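Engineer: The following block contains the structure, expressed as C-alpha cells.
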Amino acid sequence: MDVHFKNILVAVDDSSDALLAFKYAISRAREEGAKLTIVSVLEDEEINVFQSLSGQYVHGKYEDLENHLKEYKKTAEAEGVTNVDVIASTGEAGETIVKDVIPKVDPDLLIVGSESKKGLARHFGSQAAYMAKYAPVSVMVVR
C-alpha cells in the first residue's frame, strides 16, 4: 500500500538531525507534489529573564528566526518544492507544534529530528518523543 501525503510539516532547529529531517521533507514533498510547511520555535528557555524584559531583544530574536526560515524556504524552492510556507513561533517546541501549529496547518505528516539543538528538553525528554506521542497526525522521526 502506497501512502501519499499532501501536506507535510517539518520542524527545524539547525541540529544535524533536524537538517536531515528537512532534507527528507524536501525530497518527499517534491516527489509527491505536497505542500511543505517549515516551522521553527523560539523556545522560552533560550531567553534569560533580563532579555525577556527587553521587548527589543525578544523582537530581534524572533525577527532573526523569521529571516532564517526564509532561507529554509529558498532552499526548498531551489530543490523543486513548489508550495512552501514557513511559520515562526514561540514557546516549548513540542507543545507549540502539537497544540498550535498542527491545528492551523492541518498536515498529514510531521517530520522531526530525533534530538533538539538547544534547551532543557534534551535532558528531560525528547521533543520528538513528545510530538510522536501527542500529535494527531503521522510523525516521522529522523535520526
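Bear in mind that the values in this text are calculations on the coordinates, not laboratory data. As the structure is a prediction and not an experimental result, all values here were calculated from the model. Glycine also receives a Cβ, built like all others from the backbone with ideal geometry; neighbour counts cover every protein chain displayed.
Engineer: Sorting Val141, Val10 on the 10 Å Cβ count, fewest up front, what's the list?
Structural biologist: Val141, Val10
Engineer: Around Ser15, which amide H atoms from residues at least 5 apart in sequence, or from another chain, sit under 5 Å from its own amide H, with H modelled in the peptide plane?
Structural biologist: Here Lys117 satisfy the definition.
Engineer: Oh, and also: Mind listing the phi-derived Karplus ³J(HN,Hα) values for the stretch 94-103, rounded to whole Hz, using 6.51, -1.76 and 1.60 with θ = phi - 60°, and x for any glycine or proline?
Structural biologist: x, 5, 5, 5, 5, 8, 10, 6, 4, x
Engineer: To make sure I understand, if each residue's beta carbon is the centre and we count other beta carbons within 10 Å, what order do Thr82, Thr96, Thr75, Thr37 fall in, fewest to most?
Structural biologist: Thr82, Thr75, Thr96, Thr37
Engineer: While we're looking at this one, here's another question. Using θ = phi - 60° and the Karplus form 6.51 cos²θ - 1.76 cosθ + 1.60, what ³J(HN,Hα) does each residue of the stretch 8-25 get, whole Hz, x for Gly and Pro?
Structural biologist: Running phi through 6.51 cos²θ - 1.76 cosθ + 1.60 with θ = phi - 60° gives 9, 10, 10, 9, 10, 8, 6, 5, 4, 5, 5, 5, 5, 4, 4, 4, 5, 4 Hz.
Engineer: Which of the aspartates and glutamates could a cross-linker bridge to Lys23, judged by Cα under 17 Å and excluding same-chain residues fewer than eight apart?
Structural biologist: Partners within reach: Asp13, Asp14, Glu31, Glu32, Glu71, Glu77, Glu79, Asp85, Glu115.
Engineer: Still on this structure: Taking the number of other C-beta atoms within 10 Å as the exposure measure, put His4, His68 in order starting with the fewest.
Structural biologist: His4, His68
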